[in-house]
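The values are calculated or read from the model by the stated rules, or taken from the named source; none is laboratory data. The structure displayed is predicted, hence computed values, not measured ones. We place every Cβ from the backbone using ideal geometry, glycine too, and count neighbours over all the protein chains shown. Side chains included, ligands, DNA and RNA excluded: accessible areas come from the protein's heavy atoms. Shrake-Rupley method; radii C 1.70, N 1.55, O 1.52, S 1.80 Å.
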Amino acid sequence: MFDDRSPIYQQIAESIKDDVLRGTLKEDDQVMSTNQYAAFFQINPATAAKGFAQLVEEGVLYKKRGIGMFVSPDARAKLRGQRQERFFTDVVDRMLDEARVIGVSVEEIKKHIDGGNR
Amino acid sequence: MISLRDLTVRYGATTAVDSISVDLAPGKIYGLLGRNGSGKTSLLSVLSAYRKPSSGSVTIDGSDPFENRELMRDIVFVRDALDAVEGDRAGTLLDLHARMRPSWDAELAAKLVATFELDLRKRVGALSRGQRSSLGVVIGLASRAPLTILDEVYLGMDAAARTAFYREMLADYLEHPRTIILSTHLIQEVADLLEEVVIIDRGRLVVHEDTDTFRSRGVAVTGPADVVTVFAEGRTVLAEQSLGRTRQVTLYGGLDADDRERAESAGLTLTPVGIQDLFVHLTSPEHNLEAVR
């Protein structure tokens with residue numbers, strides 16, 4: 001589940017964001033508690049708590065005192081906006097770099113997309 | 001709070017623990033990492049009041065644990081030797097601990113005995129290496145002591161038994177938070193469970209920080225030799241290797257966003273260094289520790 005590429009709390013935050021984006025977690029859904037999360041993924045609960053704290057700070061989750069943590073109503077829209085901004089730099093530009101290196105032309109890429117090969 | 005101040009343990013002319021100062025806040029799972037002979041067991045023996053330091057001090061919530069009956073009741077120290085009479089049956093040993101410790105959880109002990117498939121009728125001396133270790137884990141966890149010290153308790157356990165040990169330890173910690181110090185050199189297996197790591201090498205403290213921070217400290221930089229050399233200048237290099245005109249250096253200290261951008265625009269490849277590799281580099285004999293500390 002987790003790797004050494006980045007701090008685990010960040011990976012936890014990212015995976016919950018992915019769940020929100022995909023709709024696996026819906027607005028006002030309760031997320032697992034820190035302890036449940038720690039036991040499920042076999043990680044230290046402090047690490048899980050740090051990941052959740054970051055999501056609360058970013059407004060993806062909100063806390064209900066004594067009950068738990070829930071997905072913010074606007075979380076999905078907000079995350080989509082952020083990811084859309086990054087889409088062209090992180091995904092498209094990288095793909096074009098790779099295409100240039102291996103000699104695939106933009107025309108071929110366009111044809112691939114227009115051809116509806118997927 | 002556990003506070004070590006200039007803690008030193010000497011055996012004749014050998015210095016096993018060399019002036020270590022560290023504070024450990026209560027309620028966390030700590031990993032004490034070090035190679036064989038790095039001083040882990042000596043350090044833990046002082047911490048658990050099994051021996052007096054040669055100099056320096058240990059205090060737990062302000063008091064010296066040595067010959068301190070009340071404090072010692074709150075500490076369980078499980079080590080290789082098991083501190084048992086070889087002729088005693090495993091079950092007798094557990095009964096003894098159950099009587100000595102007011103916090104003993106018999107239900108947990110029974111559950112762990114079943115998990116590890118321990119035969120309590122066997123004599124301690126007749127147990128296999130792995131079974132002895134499992135018995136140690138039962139004692140360590142079922143004691144449920146506010147300070148639980150497990151010194152390389154996994155020796156001889158197979159992968160399945162170790163996984164069971166980590167799972168049971170975490171599960172019980174979640175139910176009953178307490179300070180757990182786990183000494184090990186199998187870092188990769190337990191890293192995710194540790195809130196903080198304490199690394200010692202040749203008796204000296206090398207690193208004490210939260211595991212996630214430590215994890216992000218290592219980075220391998222690969223690229224054309226001259227470019228790599230310029231980039232690495234002024235940084236702590238833990239290891240290096242060359243293949244033809246390609247050079248790779250392992251840097252310690254983490255890179256900020258500017259560093260990363262500079263590296264990538266110079267055509268260098270950055271790859272994370274696993275926590276186990278980081279530990280190996282930091283404690284390798286040829287490494288100059290002073291550069292890191």
Across (1) outside any helix (DSSP H, G or I); (2) open to solvent by 100 Å² or more (accessible area, probe 1.4 Å), A:V101 clears everything bar (1)
Boolean, B:G62 is of a type outside the set (S, T, Y) and open to solvent by less than 40 Å² (accessible area, probe 1.4 Å) | no
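Looking at region B:213-293, what helices (runs of 4 or more DSSP H) fall wholly within it and have at least 3 residues that are in contact (Cβ under 8 Å) with a residue 12 or more places away in the chain? Break it down into steps so the answer makes sense when it comes.
Details: elements: B:225-232, B:257-265, B:275-282.
Hits in region B:213-293: B:225-232, B:275-282.
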If the Cβ limit is 6 Å and pairs must be 6+ apart or interchain, which residue in region A:34-50 that is more than 16 Å from B:I29 (Cα to Cα) pairs with which residue that is not in a loop (DSSP other than H, G, I, E, B)?
-> A:Y37/A:A48
Would you check which residues across region B:185-201 are under 14 Å from B:I20 (Cβ atoms) and of a type in the set (A, V, I, L, M) and list them?
-> B:V198, B:I199, B:I200
Search region B:178-204 for residues being within 11 Å of A:N44 (Cα to Cα) and open to solvent by 10 Å² or more (accessible area, probe 1.4 Å), and hand back the single one that is modelled with the lowest pLDDT.
-> B:D192
From the list A:A13, A:A46, A:A38, which one is touching a strand residue (DSSP E or B) at 6+ places or on another chain (Cβ under 9 Å) and within 14 Å of chain B (Cβ to nearest Cβ)?
-> A:A46
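Among B:L82, B:L43, B:L33, which is of a type outside the set (K, R) and free of Cβ contacts under 8 Å to residues at least 60 places away in the same chain? Walk me through it before giving the result.
Numbers: B:L43 fails: free of Cβ contacts under 8 Å to residues at least 60 places away in the same chain; B:L33 fails: free of Cβ contacts under 8 Å to residues at least 60 places away in the same chain.
Sole residue among the options that is of a type outside the set (K, R) and free of Cβ contacts under 8 Å to residues at least 60 places away in the same chain: B:L82.
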What number of residues within region B:134-160 are over 16 Å from the mean Cα position of the chain (by Cα) and open to solvent by less than 20 Å² (accessible area, probe 1.4 Å)?
-> 10
Can you name the residue in region B:88-109 that is open to solvent by less than 60 Å² (accessible area, probe 1.4 Å) and of a type in the set (G, A, S) and, of all such residues, is nearest to B:P146 (Cα to Cα)?
-> B:S103
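Say we look at region B:258-270 and pick out the residues that are within 32 Å of the chain's Cα centre (by Cα) and under 12 Å from B:A220 (Cβ atoms); which of these is surrounded by the most Cβ atoms within 10 Å (Cβ to Cβ)?
Filtering region B:258-270 for residues that are within 32 Å of the chain's Cα centre (by Cα) and under 12 Å from B:A220 (Cβ atoms), the one surrounded by the most Cβ atoms within 10 Å (Cβ to Cβ) comes out as B:L270.
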Keeping to region B:242-257, report how many residues are of a type in the set (K, R) and either within 18 Å of B:F279 (Cβ to Cβ) or loosely packed, with under 13 Cβ neighbours inside 10 Å (or both).
-> 1
Of the conditions (1) among the aliphatic types (A, V, I, L, M); (2) modelled with pLDDT of 90 or more; (3) more than 30 Å from B:S3 (Cβ to Cβ), B:V273 clears all except one; give me its number.
-> (2)
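Got at least one residue in region A:1-10 being within 30 Å of B:D172 (Cβ to Cβ) and away from every other protein chain (no Cβ under 14 Å)? Break it down into steps so the answer makes sense when it comes.
If we filter region A:1-10 for residues that are within 30 Å of B:D172 (Cβ to Cβ), which is where we start, we get A:1-4, A:6-10.
Filter once more, keeping what is away from every other protein chain (no Cβ under 14 Å): none.
The answer is no; no qualifying residue exists.
Give the residues of region A:35-49 that are crowded, with 21+ Cβ neighbours inside 10 Å and either in a helix (DSSP H, G or I) or of a type in the set (A, V, I, L, M) (or both), sorted by residue number.
Here is the first cut: in region A:35-49, the ones crowded, with 21+ Cβ neighbours inside 10 Å are A:38, A:43-45, A:47-48.
Hits for region A:35-49 are A:A38, A:I43, A:P45, A:T47, A:A48.
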In region A:72-95, is there at least one residue being of a type in the set (K, R) and outside any helix (DSSP H, G or I)?
-> no
Looking at B:D74, is it within 18 Å of B:A25 (Cβ to Cβ) and buried (at least 19 other Cβ atoms within 10 Å of the Cβ)?
-> yes
State all residues of region B:23-44 that are open to solvent by 10 Å² or more (accessible area, probe 1.4 Å) and out of contact with any Gly (no Cβ under 9 Å at 6 or more places or on another chain); if no residue qualifies, say none.
-> B:D23, B:L24, B:A25, B:P26, B:G27, B:K28, B:R35, B:N36, B:G37, B:T41
Contact list, first residue from region B:47-58 and surrounded by fewer than 18 Cβ atoms within 10 Å (Cβ to Cβ), second anywhere and modelled with pLDDT of 90 or more and among the basic types (K, R), beta-carbon distance below 6 Å, six or more apart or interchain, is B:S54/B:R10; B:G56/B:R5; B:S57/B:R5
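Got at least one residue in region B:269-281 being at negative phi and away from chain A (no Cβ under 14 Å)? Outline the logic, then answer.
Looking only at region B:269-281, we keep the residues that are at negative phi, and these are B:269-281.
Retained after the next criterion (residues that are away from chain A (no Cβ under 14 Å)): none.
No: region B:269-281 contains no residue that is at negative phi and away from chain A (no Cβ under 14 Å).
Can you confirm whether B:I139 is assigned to a helix (DSSP H, G or I) and in contact (Cβ under 8 Å) with a residue 60 or more places away in the chain? Don't jump to the end; show me each part of the working.
Numbers: assigned to a helix (DSSP H, G or I): yes; in contact (Cβ under 8 Å) with a residue 60 or more places away in the chain: yes.
So B:I139 passes the test.
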